[in-house]
Amino acid sequence: MKKIFIVLFFLFSTYSSFSQTFSFVRTSPAIVEGRADTTSDSWAHVNNLTSNPIPIAITISNMIVQPGWDTIAMCTWAVCYAPGVLYQVENCPPGQHDFHLYLNPYGVPGNGGCRVTMSHQSTTVSQDFGFHINPVGIHQISTIVMEFSLSQNYPNPFNPATKINFSIPKSDYVSLRVYDILGREVNVLVNENLAVGEYEVDFDASKLSSGMYYYSLRSGDFVSVKKMVLVK
């Protein structure tokens, strides 16, 4: 009887060591859209499937950041770490808990990301996280868009600041530029790849003279031009 008990205990222990003990699921999009003037966050859930706390090893790898950015940092279910901590072991209580990465771009636009790997015993799960940081003055206000559009700036006439809205129905390179009445380029508001969405751009014309100006949106085969009036 004792031998049977030992055999059963060994089989149970072997099965448990190879069974899944937790899940790690990203809840934010694969690439999170952020603004260059604010902290950007990406979220995930960690679910301890056992009835006891378990130690989970967390590793951040494949780091890509723009010059001027902080290193991508993490907040576990227990504590938030300063940028630069790329490995940590945390005791995870039973149940579902939040995990997120945060990034301070300090006004610098661009793309970045990393891979987060969590491990406990035989369970290892990795998730990729990406960040797309828009220039200061560009705000994504919707992700549901059916067609290209360029709206009239508002207010118009304006002094000295105005807003311009545009929509793109697919991820693509986008150019939004301002020209004077002679066709000379006076400002580049957008010059990068953007995800699907509706965007609002702030345009500060405090350094320009009064007069009529044109702004042009280009994305793929789509081109649209509108005029606006600066009155000082």
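Read the figures in this text as sums done on the coordinates, not as results from a lab. Since we're looking at a predicted model, the values are computed, not measured. Because the Cβ atoms are built from the backbone with ideal geometry, glycine has one as well, and the counts that use them run over all protein chains shown.
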- Item | Relative contact order of the chain, defined on C-alpha pairs under 8 angstrom at six or more residues apart (%) | 17 percent
- Dipole of the chain, Cα-centred, from +1 at each Lys and Arg C-beta and -1 at each Asp and Glu C-beta, to the nearest 20 debye? 260 debye
- Query: Which of the GluC sites (Glu not before Pro) across region 111-208 are loop residues per DSSP, with 13 or fewer other Cβ within 10 Å?
  - Reply: Glu147
- Take the alpha carbon gyration tensor of region 138-230, find the square roots of its eigenvalues, order them as a ≥ b ≥ c, and report rounded if a/c is under 1.5; if not, report prolate when a/b exceeds b/c, else oblate. prolate
- Item | Cα centroid separation - region 65-91 against region 157-181, whole Å | 36 Å
- Task: Jot down the per residue volume, in cubic angstrom and as a whole number, of the convex hull over the alpha-carbon atoms of region 20-108.
- Result: 94 Å³
- Task: Taking 7 Å along the Cα-to-C-beta vector as the label spot, tell me the Ser151-Tyr81 distance in nanometres, rounded to one decimal.
- Result: 4.2 nm
- Hey, got the Cα dimensions of region 83-155 along the principal axes, in Å, largest first? 58, 29, 18
